[in-house]
Structure formats: C-alpha cells, structure tokens
1. If I ask for residues that are crowded, with 24+ Cβ neighbours inside 10 Å and either of a type outside the set (D, E, K, R) or not in a strand (DSSP E or B) (or both), which ones from region 152-165 would you list?
2. For residue 377, all conditions in the list (1) open to solvent by 10 Å² or more (accessible area, probe 1.4 Å); (2) out of contact with any Asp or Glu (no Cβ under 8 Å at 6 or more places or on another chain); (3) not in a loop (DSSP other than H, G, I, E, B) hold save one; what is the number of the exception?
3. Suppose we filter region 62-76 for residues that are in contact (Cβ under 8 Å) with a residue 60 or more places away in the chain, open to solvent by less than 30 Å² (accessible area, probe 1.4 Å) and over 28 Å from the mean Cα position of the chain (by Cα); how many remain?
4. Just to check your reading of the model, which residue among 331, 358 is part of a loop (DSSP other than H, G, I, E, B) and open to solvent by less than 20 Å² (accessible area, probe 1.4 Å)?
5. Name the single residue, out of those in region 393-435 being aromatic (Phe, Trp, Tyr) and under 23 Å from residue 347 (Cβ atoms), that is most open to solvent (accessible area, probe 1.4 Å).
6. For residue 40, are the conditions met, namely being open to solvent by 70 Å² or more (accessible area, probe 1.4 Å), more than 25 Å from the chain's Cα centre (by Cα) and under 19 Å from residue 435 (Cα atoms)?
7. Under 8 Å between Cβ atoms, which residue pairs at least 6 apart in sequence (or on different chains) link something in region 394-422 that is among the basic types (Lys, Arg) with a partner that is assigned to a helix (DSSP H, G or I)?
8. Name the single residue, out of those in region 298-318 being assigned to a helix (DSSP H, G or I), among the hydrophobic types (A, V, I, L, M, F, W, C) and without any contact (Cβ under 8 Å) to a residue 60 or more places away in the chain, that is farthest from residue 256 (Cα to Cα).
Amino acid sequence: MDFKDRKVLVAGLGRSGIAAARLLKAREALVTIQDIKDEDAVADSVAALAKEGFELFLGRNPLNIIHKFDMIVLSPGIPIDMPFVEMARKLRIPVWGEIELAYRFTPCPVTAITGTNGKTTTTALTGEIMRRKYADTAVVGNIGVAYSQEVGALTPESYVVAEVSSFQLESVHDFRPKISAVLNISPDHLNRHKTMEVYIGTKERIFAKQGEDDYVVLNFDDDVTRKMAARARAKVLYFSRRQLLDEGVFLDGDTIRAKLFGRDVSILSIHDMKIIGAHNVENALAATAMALAANVEPADIAAGLRSFNAVEHRLEFVAERNGIAYYNDSKATNVDSAIKSLEAISRPIVLIGGGADKGVEFGEWVKLFPGRVKHLILIGEVADQIADTCKAYEYTSVTKANSLQAAVAAASGKAAAGDAVLLSPACASLDMFDNFEQRGTLFKEFVLQQ
C-alpha cells in the first residue's frame, strides 16, 4: 500500500504507537502523533520525535481534527469505542491497529498467538523453537517488541511469531496469520470488553481471515476454545493435557506426543523442561503443535523445549533467602493466571496479591487458599474487595500493605524456611505502577534487599 503523502494520525505515544509512526514516516506518510497526556508527562519522547519531524498533538482528544486525516492508526491502549474513533468511521476514514499496519508490510509467514493466559511464555517458547529452522525469526507484539519496529528488517525467508492481545485484535481487518493459536479463555479485561461474548468474539478475530490452507491451534481441554473450531475455516490442530487425542498434540503419561500430519512421534518428557507447572505443559503442547505446522522437525522441537527458561515476570524464580524461595509472577494480571501459579508451586505459599480493578470476581482464586496459602498480603485498589471475598470464604490469614516494599517485608516476616513468597497479583498494575514489568522489577529489587 502506498502511504506517500497520506495524512495519518497515530493515536497513542507508547511503544507500539511510536514504532507505527516511524514505520509510516519511512513510507513517506505525513504523520501526526496524538496522546491524551500533555507535553510534560511525555517530555522524554517529545524532543526526539519533534527532531524526527513528527507533528505532535498532545493533551487533548483529537475529535475536532479527525476530518483532516486519511487514516487513523490506534495503539492497543486506545479503546475502539472512543468518540474520535467512531467519528472517523462515520467519515469513512480507515482505522487500523498497529498489528494490522505491520502485517500489511510483512513479506513472510506469521504465527500469531492469543488467549487469556500463557501468551507471552508460549510466544517466547515458540520463537525459540522456530529459530532452529528459521534463523531469522522475529518475536514481536504484546510480548514487548512492537511488530512495526521489526517489520522493516524482514525478508521472505524470515518468520514472525507474534503475541496478540484482545486489545490489538479489536482493530485488525485483513490480518491473516499462516498459523494462529488460542490457548485458553477465562474472564479478563471485562472493564473494556464489557461481556464475555464480546471478549470471546474479539479473540476469534485472530483466525477470522484464515482459509483452508492455514492452521488454527486450539486447546481441546477448554470448552470455549474447543467450540471455536466450528467457526474456523482453517485446519484445526488440537492440543490437550488431559486427553489422549486421535489427532493432535497431547500428554501421554509424562511425555509430549504428537499425532499429526501422518506421524506419531514422542517429543520429550515434561521432566526434561526447565519451566514448571501444568500451565507450562499446556504452553509446550501448543508450541509443539505450531512448530509442527511450520515444518519444524521433532528433534528441533525437543531441543527448543529442553533449553527454554522461564520468561521474566512469569513465575520467575528470583532468589532463596533463609530457606525461603521468592517467585515473581507479576504477569499474573487475572484470576485464572494466578490460580495456575498457585497450583504450580508445591511449597507453602505466602502470597502477595491485589492491584487495579478489572471488573472481575476473586472467589475461584480465594477458594484455593486453604492448604496452599499460609498468608495473604494485599496491596492496591481492590485490596478491600479481595479481603471481603476472603471473609466470605472464611479465609482469615490476611494482611494489607500500603506499598509493594511493605508487602515484601511483611511476606518475609510471615514466611519460614521451606516456604515460598509469591507475587502473583491476579490484578492489573496500573493503580500503583506503570506496567506489570515495573511491578515485577521492583519486587525483585525489594527481595534482593532482604
């Protein structure tokens, strides 16, 4: 698509917005970057972007200037029901997300991964495996590397592995990965998507444009994802931790086994992997299915699974102090992810939870505390809500802390040798931190100060 001299508004001055703006400028578009934050709040970015020749529209909603543009590109943090987005559509101005923009310039196959939990680990793991066949594999998207940032270096011999969130999928149109995956579905981001039906439908956009020559990998054990097969035109590849499948990738005892494409092969024992927990077994099964669909040899898949280490902030071992193991699971920003982390750790747990409100209930999480969680330390804006849920389930070992540093100190005081202190918030981070990465990094710093 020719962008020369086209007037494009990029909404959102975050990582993906800046990358999209630079990609467009490299294609000779006339780019204006907008952000609701004022110039003082984004001062670090403003000077550099101004030098690069971008127009900046800061501290204001762009509703009154939308008519001036030929196209709008949204960062994933911008909801699609914003008034300026609705105005653009009324004016028949195309509205794309950053993922859609980068995809339009991608000259090579794409594997795209979504789901409520496990996306980042599965994306990183799949990327590690794919590199054993496709040396020039770019791992991009919601994992922390903007797709638009990498697309300029891709060639037809490259390969893209992309983590794609529901926020990013809201604004795709022609996005058609060769291989897609939906790992699981549980309530999340309902403050933005409003209903589970909308959330599920948004996730399904990852395979909506696929055809019969493409593949979609689905979790057979998840009722919601299993039923997605009826709405997929791509060939469905199932994975299962609980069932021996006639066709698919599954756990046979302790062995990852694949019956696909006319082959029946044992990949490796799950005990040969460094990552722990049943949820990571599921991630490995999904990665195996995607790699086989991309013609990676079973021996290379096994080697990738064997060498892969846990991703930062995802049930990441931090240190052992006085016999207490500390784990950073700051990426557990919803209840289902936090449940899986509790189930993965065999030690008695002193748990740090709480954070920003996402409009969800915490009962299913709290129900698991007896016999697993010695004590709960709560932080953030939903601390009272979680504490009330604990009362309803007659769990009383609860303390509130006014900062993460105080929570780490309190958790260390409650823990004994042989226990684990686990940061697994079940909540978003934006009430107290810039993002979950900052929350996890600070947790690690406070642990190492003990």
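The values are calculated or read from the model by the stated rules, or taken from the named source; none is laboratory data. All values reported here derive from a predicted model rather than from experimental measurement. All Cβ positions, even for glycine, are placed from backbone atoms using ideal geometry, and neighbour counts span all protein chains on display. Keep in mind that these areas ignore ligands, DNA and RNA; they rest on the heavy atoms of the full protein, side chains included. Shrake-Rupley method; radii C 1.70, N 1.55, O 1.52, S 1.80 Å.
1. Going through region 152-165, the residues crowded, with 24+ Cβ neighbours inside 10 Å turn out to be 160-164.
Passing the criteria: 160, 161, 162, 164.
2. (1)
3. Final tally of qualifying residues: 1.
4. Numbers: 331 fails: open to solvent by less than 20 Å² (accessible area, probe 1.4 Å).
Unique residue meeting the criteria: 358.
5. 393
6. On the way: open to solvent by 70 Å² or more (accessible area, probe 1.4 Å): yes; more than 25 Å from the chain's Cα centre (by Cα): yes; under 19 Å from residue 435 (Cα atoms): no.
It is false that residue 40 is open to solvent by 70 Å² or more (accessible area, probe 1.4 Å), more than 25 Å from the chain's Cα centre (by Cα) and under 19 Å from residue 435 (Cα atoms).
7. Filtered contacts from region 394-422: 400/383; 400/387.
8. The selected residue is 299.
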